[in-house]
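Below: the structure, in C-alpha cells.
The values are calculated or read from the model by the stated rules, or taken from the named source; none is laboratory data. No experiment lies behind these values; they were computed from the predicted model shown. Positions of Cβ are generated from backbone atoms using ideal geometry, with glycine treated the same way; all protein chains shown enter the neighbour counts. These area figures cover heavy atoms from the full protein model, side chains too; ligands, DNA and RNA do not enter into them. Shrake-Rupley method; radii C 1.70, N 1.55, O 1.52, S 1.80 Å.
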Amino acid sequence: MKLPQKGWLLTALARGGPAWDEELQRGANAEYGSETRRGAIRLALEELAAAGLVQHCSERLDSTGGRSRLSFRYRLTPFGLERMRDTGLDTGKAMHGGEAQ
C-alpha cells in the first residue's frame, strides 16, 4: 500500500533534503503514475507549508515557452520531522540536523 501523497512528500523531503516543486512533481509521477496533476502536488505542498511541516527556502521565476511560472524550493521543518516521528513516518532515514531546519 502506498503512502498518501502528503506523507510521500514529507518522506521525500526528509530523505533527500530540500527540493524544488517540479522535482517533487517528477517523483510523485514516478510513484503514483503520470496522472498526478501538478496543481494537486503544489496544493499539497502549500497545505503542508500552512501547517508548518515544510517551508519555502527559496523561489525562482521560470520563463520557458513564453510563460512565466513561480517555483518554490521546499524543506522539511523541525516541527515536520517531529510530526513524522509522532505518526510513524520517520523510518530513521530522515535527514537530521541542518537540512531539516
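Scanning the stretch 64-88 for residues that are within 18 Å of ARG42 (Cα to Cα) and either in contact (Cβ under 8 Å) with a residue 40 or more places away in the chain or out of contact with any Ser or Thr (no Cβ under 9 Å at 6 or more places or on another chain) (or both) yields a total of 11. Looking across the stretch 1-39 at every residue that is open to solvent by 80 Å² or more (accessible area, probe 1.4 Å) and assigned to a loop (DSSP other than H, G, I, E, B), the one that is farthest from SER71 (Cα to Cα) is identified as MET1. Restricting attention to the stretch 61-81, the residues being within 16 Å of the chain's Cα centre (by Cα) and exposed (fewer than 14 other Cβ atoms within 10 Å of the Cβ) number 2.
Of all the listed residues (ARG42, ARG83, ARG60), the sole one being in a helix (DSSP H, G or I), of a type in the set (Lys, Arg) and in contact with a strand residue (DSSP E or B) (Cβ under 9 Å, 6 or more places away or on another chain) is ARG42.
Scanning the stretch 83-94 finds one or more residues that are over 16 Å from GLY16 (Cβ atoms) and either modelled with pLDDT of 95 or more or surrounded by 16 or more Cβ atoms within 10 Å (Cβ to Cβ) (or both).
So is ALA50 surrounded by fewer than 16 Cβ atoms within 10 Å (Cβ to Cβ) and under 22 Å from ARG85 (Cα atoms) or not? Answer is yes for this residue.
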